[in-house]
Every structure is written in C-alpha cells, then in structure tokens.
Amino acid sequence: MLISYSVCVLTLFVWGDGSQRLWILLFSPLIAALIGLIEDVREINPILKPVLLLTPALPILLFSDYSPYPQLPLVGTVRLTIIYPVLILAAFTVIINAINSVDVLNGSLALSSMPVLVVLTVLSWMRGEALNAIAASTAAASVLGFLRFNWYPARIFAGNCGSNFVGALITSIAITSRLELATLVALLPHILNEYFILVSIGGLRSGKTFTTRPITVVRGLIAASRDPRGPLTLVRLATSSSPMNEAEVSKALGLLAAYSSFLAFVTYLLGGGRSI
C-alpha cells in the first residue's frame with residue numbers, strides 16, 4: 001500500500017507539479033508509517049506512542065497548509081487561529097490510533113477505511129482539490145488491492161505500519177482539503193471504538209497486559225465476552241447478540257463505516273464540512 005501510493009505521488013513530481021501539498025501528502029504518511037514499522041519490530045511505550053504520532057503533523061504545520069476558520073453546523077465560521085495548530089497535532093494522534101484500533105480482524109482495516117477514502121475523494125474533487133482527490137483515490141485503490149490478500153484467511157497483514165499510513169493520509173487530506181468535520185463524522189465508528197477501549201481499560205495501557213479479552217472464539221465463531229472486565233470494542237458490540245464468523249464481523253464494520261461516510265457526505269452538503 002505504502003509503495004504504490006508513494007510511487008503515484010512521486011509520479012506527480014515527475015510530471016512537474018512540485019507544489020508543497022505533494023510534500024505533505026508524501027511525508028506525513030511516510031513518517032507515520034515509519035513509526036508504525038518501528039512498533040511492529042519493537043513495542044513502543046503506550047505513553048510515548050501518542051507523542052511520537054504528533055510528528056506526522058509537522059509537514060502541514062511547516063508549510064502552514066491549513067485554514068484556522070472551520071465552519072460548524074448551526075454555528076457558522078469560527079476563528080481558531082491560536083488553538084488550531086494544537087488541534088492538528090491532536091488530530092493525527094487521535095485518528096491514527098482510532099484507525100489502528102479497528103485493524104483487529106482479517107479485512108477490517110480495508111473495509112472500514114475504504115468508504116472514508118472514497119468520500120474524501122469525492123468531496124476533495126468537489127472542492128477543487130485535485131491533488132487530494134488523486135491521493136485519496138490512489139490510497140483507496142491500494143487498500144482494495146491489499147484487501148485481496150488480507151481477506152480471511154489472510155496471507156498478509158497491515159500491522160501498525162499500514163494502519164498508521166492510512167490514518168495519517170486521511171488526516172492530511174481532511175486538514176488540507178478543509179474537510180475536518182466531514183472526516184470526523186466519517187470516522188465516528190473508529191473514534192468511538194478507541195474511546196470505548198480507553199475508558200474500559202482505564203487509560204493509555206498496552207493491550208498485551210490484559211488477560212481478559214473482549215471476545216471469545218467458540219467453534220470458529222467470534223462471540224462477545226461476558227466478563228465485565230473485558231475491554232469494550234466495536235467487535236464485542238457487533239457480536240453481543242449472536243456469534244459471527246470473522247468475515248461477517250469485518251463486513252459489519254465495513255457497512256458501519258459506509259453509513260458514517262454517507263452521513264459525512266450529507267454533513268458536507270448541509271454546510272458543516274466547508275471552511276473558508
């Protein structure tokens with residue numbers, strides 16, 4: 001995924017479009033992917049990890065490619081000139097971790113991120129952000145190709161490197177296309193999943209330290225754990241009524257992401273996704 005996406009962006013450089021936006025769309029995902037690759041090789045302290053995930057925001061801040069005047073539904077345009085750079089830093093940490101938290105099953109990362117990338121492609125194109133639309137569509141195609149090998153039973157896995165890449169790219173496109181609110185709506189399932197996990201485990205802690213799991217596997221089917229001490233996750237909620245196989249759970253997460261992405265598109269049409 002990372003190589004195919006990077007080749008596409010570098011091809012745009014060869015064609016002569018050397019705008020600063022391309023540097024952002026290339027280096028922000030690369031920085032995040034590198035952090036994920038390090039974590040795949042050696043576990044990173046759960047307190048240090050959110051701090052490291054602030055660094056993919058640096059290219060956007062360096063080139064000042066953002067608008068601190070977002071427009072909110074029922075409120076209108078708000079001025080956040082001082083706090084907005086801080087929100088950009090926080091956005092990368094939150095969204096990358098949220099994307100990562102859904103990558104727990106074969107196919108779950110691809111199915112839950114493709115609808116978000118598709119809606120970002122459409123909205124970026126509608127806003128005249130051609131480079132962002134190309135980046136989002138290229139990433140969606142890369143994720144689709146990855147899904148072929150990541151579908152159950154998977155032969156390859158994204159790891160933290162892959163999920164960090166997807167999360168950083170989505171965040172970069174959202175900020176530079178001025179689609180912050182629409183993207184947050186599209187990512188509500190991911191963000192709420194991460195929030196549920198943090199609340200249920202009591203803060204930033206490594207999941208490897210917990211002996212109580214959110215699900216159990218019974219005769220090849222995933223069932224929600226009945227232990228109240230287990231972390232609360234979307235997978236646990238999806239299987240709370242009846243056990244499901246892995247492919248069914250991944251499809252359910254994909255449908256949830258598609259629905260939230262549709263709501264993001266509606267949010268944009270209602271005026272909540274535009275910025276000046």
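If Leu184 satisfies every condition in (1) of a type in the set (A, V, I, L, M, F, W, C); (2) modelled with pLDDT under 85; (3) within 21 Å of the chain's Cα centre (by Cα) but one, which is the exception?
It fails just one condition, (2).
Pick out the one residue from Thr233, Thr216, Thr239, Thr138 that is among the polar types (S, T, N, Q), surrounded by 14 or more Cβ atoms within 10 Å (Cβ to Cβ) and more than 23 Å from the chain's Cα centre (by Cα).
Thr216
Among (1) free of Cβ contacts under 8 Å to residues at least 24 places away in the same chain; (2) farther than 15 Å from Glu180 by Cβ, there is one condition Gln20 misses while meeting the rest; what is its number?
(1)
Among the residues of segment 1-38, count how many are within 17 Å of the chain's Cα centre (by Cα) and under 15 Å from Pro56 (Cβ atoms).
Going through segment 1-38 one residue at a time, the tally reaches 16.
Out of segment 155-183, which residues are among the aliphatic types (A, V, I, L, M) and either in contact with a Gly (Cβ under 7 Å, 6 or more places away or on another chain) or in contact (Cβ under 8 Å) with a residue 60 or more places away in the chain (or both)?
Matches in segment 155-183: Ala158, Val166, Ala168, Leu169, Ile170, Ile173, Ala174, Ile175, Leu179, Leu181, Ala182.
The values are calculated or read from the model by the stated rules, or taken from the named source; none is laboratory data. Nothing here was measured: the structure is a model prediction, and the numbers come from that model. Every residue, glycine among them, receives a Cβ derived from its backbone with ideal geometry; neighbour counts consider all protein chains shown.
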